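Here's the structure, in structure tokens; my notes come after.
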Amino acid sequence: MGIPARVLVAIIIGSLGVVYHRRRRAAKRLPPGPPGHFLFGNLKDLPKQRDWIAYAELSKKYESDIISLRALGNTIVVLNSHKSIMDLLEKRAIYADRPSAPMVDDERLMNLGGLITLTPYGPRWRQLRKGIQLNLQESAIRAYWPAQNTAARNLMIKLLDHGDRSLYKDLQHWSASSILSGVYGYHLPEDGTSDPLLQHMHELVAMFVRGSSVNFLVNFLPALKYIPDWMPGANFKAVAREARELKRLAIDGPFEWVKNEIYSAQRVFKAKGTAEPSYVSRSLAEGDFGDDEELDASKKEELMSFEDIIRHNAGVMYGAGFDTTLIVMTTFLIAMQLYPEVQARARGEVLSTLDPVTRLPVPSAVVGLTYLSRVLKESFRWIPVLPVSVPHATMQDDEYNGYTIPARSLILPNVWAVTRDESIYPDPETFDPDRFLDPSVPHDHAFGYGRRRCPGMHFANSNLMIAFAYILTVFEIEKGVNEDGTVIEPRPLMKKDPEL
């Protein structure tokens, strides 16, 4: 029996691809890394867990702060030092792109390509960036303080009347509530009942993470997106349909809810005509963000509508903010148990600025507290939210320190390796806010790099500082005790550690 034509074509194309990539690698000096299989490259060398540690160990083994691996025709370059990250991601615009993951960003599949996190560097990305920066720049954050203050106060009420709920559940509710109220003006029920919107959003975030992984062959062979749904191996399309429905519920739904609130208010209160203040309501009220006049007609066709910009930016603000906010709060609580002297000093600073009548924190004073700000910076550093940051992609071939970095390389910033660099952070495993007394010490790795730096950093910082201040005002944080009286020693663990 002869080989089917389609199989023969696939073999020929695959063989040519292997030859091409082998020749390309031989012709160019990539950063050092483990030797790869002639067919699969370094596929077996890719870490299955705790990748930040594995990459740091490879960096030491090859005595280079920049290493490379190849898998399925893709070049992966890992940056393990602050210097290499600054030199490439901060100073060179050609590193501002994102790698393509068709499963999540293609409109035929999950259709999440409108999120700024995934958008390629270009006119559409600039549109989205402008639409999110206007209402999230540092000077605009004051408008979100009331919602953040309310969420922090409600958390205190929950913690004081804890019942049989887990602490983690209360912290999850606070994280979600503080972001949803700021982004949409939407309030979760405080009685602990589940909210469908929250469930939809969490499922969509999980679907996004799943779709970005190597589990879907379409991410390596984009042409598979064209195969019919009934064909064997097309089950990824059913997953994509489920994600599109979740997108409708989790991103389109709350945006349309805010619009309806505005238009309902306009009908009833014609003089006002606004929903509760939020990122979405403010952005809608401000009108169009404007086009880039220098673009030609073909490029302008790539641009998004005014409402789509707001819709997708609001969705990414929640998706990117919920987990990170929760992780930093958990880190803070662990640190306060392990370092009571830090807790006492931070509390003293907070208590000196309380409202004289209510004896509660005042947001305008809290965000200016210098020691509490250093506690926040150290919380971000001590247990990095993303130990390996969101990948970048090169737009063209580049040279660095004698190495070639090919176009479309996947660039991974190893944040954990940077935060453990003793030349920058002496005694890195110790929680020491005073390491940031020197303003030149890097402190914002959690928010990404260069043109891709997260525009929500000021929102996140004020939200966390206000909540920290409330906790320090109302509670003393101590280690737990078992029923037999033995003290429970908290262990700071990374989010992806196997124990979690």
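Exactly one residue among Val357, Val385, Val362, Val350 is free of Cβ contacts under 8 Å to residues at least 40 places away in the same chain and in contact with a Ser or Thr (Cβ under 9 Å, 6 or more places away or on another chain), and that residue is Val362. Of Ser423, Ser409, all but one fail to be of a type outside the set (Val, Ile, Thr), out of contact with any Lys or Arg (no Cβ under 8 Å at 6 or more places or on another chain) and free of Cβ contacts under 8 Å to residues at least 24 places away in the same chain; the exception is Ser423.
Do we find that Leu472 is under 21 Å from Leu386 (Cα atoms), modelled with pLDDT of 95 or more, of a type outside the set (Val, Ile, Thr) and not in a loop (DSSP other than H, G, I, E, B) in this structure?
No: the conditions fail for Leu472.
Within region 451-460, can you find the residues that are surrounded by fewer than 18 Cβ atoms within 10 Å (Cβ to Cβ) and touching a Lys or Arg at 6+ places or on another chain (Cβ under 9 Å)? Selection gives Arg451 alone. A single entry from Ile85, Ile116 fulfils the requirement of being at pLDDT 95 or above and either within 19 Å of the chain's Cα centre (by Cα) or within 24 Å of Phe306 (Cα to Cα) (or both): Ile85. Per this entry, Ala320 is counted among residues that are crowded, with 19+ Cβ neighbours inside 10 Å, under 28 Å from the mean Cα position of the chain (by Cα) and either among the hydroxyl-bearing types (Ser, Thr, Tyr) or modelled with pLDDT under 95 (or both). Taking the criterion of being of a type in the set (Val, Ile, Thr) and closer than 30 Å to Arg420 by Cβ, would at least one residue in region 117-124 satisfy it? Scanning region 117-124, I find at least one residue that is of a type in the set (Val, Ile, Thr) and closer than 30 Å to Arg420 by Cβ, so the answer is yes. Set side by side, the residues Ser100, Ser139 differ, and just one is closer than 29 Å to Ile227 by Cα and hydroxyl-bearing (Ser, Thr, Tyr), which is Ser100. Within region 60-83, the residues that satisfy the criterion of being of a type outside the set (D, E, K, R) and within 17 Å of Asp444 (Cβ to Cβ) are Leu79, Ser81, His82.
Consider region 438-456 and keep the residues that are of a type in the set (D, E, K, R) and either under 15 Å from the mean Cα position of the chain (by Cα) or assigned to a helix (DSSP H, G or I) (or both). The one that is farthest from Val388 (Cα to Cα) is Arg451. Checking every residue in region 426-437 against the condition of being within 30 Å of Ser364 (Cα to Cα) and touching a Gly at 6+ places or on another chain (Cβ under 9 Å) gives zero matches.
Between Gly113, Gly163, Gly131, the distinction of being more than 30 Å from Pro228 (Cα to Cα) and buried (at least 18 other Cβ atoms within 10 Å of the Cβ) belongs to Gly131 only.
Scoring Lys377 on the criteria (1) of a type outside the set (Phe, Trp, Tyr); (2) under 27 Å from Gln199 (Cβ atoms); (3) not in a loop (DSSP other than H, G, I, E, B) leaves a single failure, condition (2). Taken over region 305-355, the criterion of being part of a helix (DSSP H, G or I) and acidic (Asp, Glu) is satisfied by Glu307, Asp308, Asp323, Glu341, Glu349. Among the residues here, Ser68 does not qualify as of a type outside the set (Lys, Arg), assigned to a helix (DSSP H, G or I) and modelled with pLDDT of 95 or more. Here Leu369, Leu376, Leu326, Leu354 are screened, and the one residue that is crowded, with 16+ Cβ neighbours inside 10 Å, among the aliphatic types (A, V, I, L, M) and within 19 Å of Pro428 (Cα to Cα) is Leu376. For region 391-402, the count of residues that are in a helix (DSSP H, G or I) and of a type outside the set (D, E, K, R) is zero. Of the residues making up region 454-487, those that are among the small types (Gly, Ala, Ser) and in contact with a helix residue (DSSP H, G or I) (Cβ under 7 Å, 6 or more places away or on another chain) are Gly456, Ala460, Ser462, Ala467, Ala469.
Scanning region 336-378 for residues that are of a type in the set (Phe, Trp, Tyr) and in contact with a Pro (Cβ under 6 Å, 6 or more places away or on another chain) returns no hits. Only one of the numbered conditions (1) surrounded by 14 or more Cβ atoms within 10 Å (Cβ to Cβ); (2) more than 25 Å from Ala314 (Cβ to Cβ); (3) of a type in the set (Asp, Glu) is not met by Glu478, and that is (1). Scanning for something closer than 26 Å to Ile132 by Cβ and modelled with pLDDT of 90 or more, does region 263-279 turn up at least one residue? Scanning region 263-279, I find at least one residue that is closer than 26 Å to Ile132 by Cβ and modelled with pLDDT of 90 or more, so the answer is yes.
The values are calculated or read from the model by the stated rules, or taken from the named source; none is laboratory data. Note that the structure is predicted; figures quoted are calculated from it, not measured. All Cβ positions, even for glycine, are placed from backbone atoms using ideal geometry, and neighbour counts span all protein chains on display.
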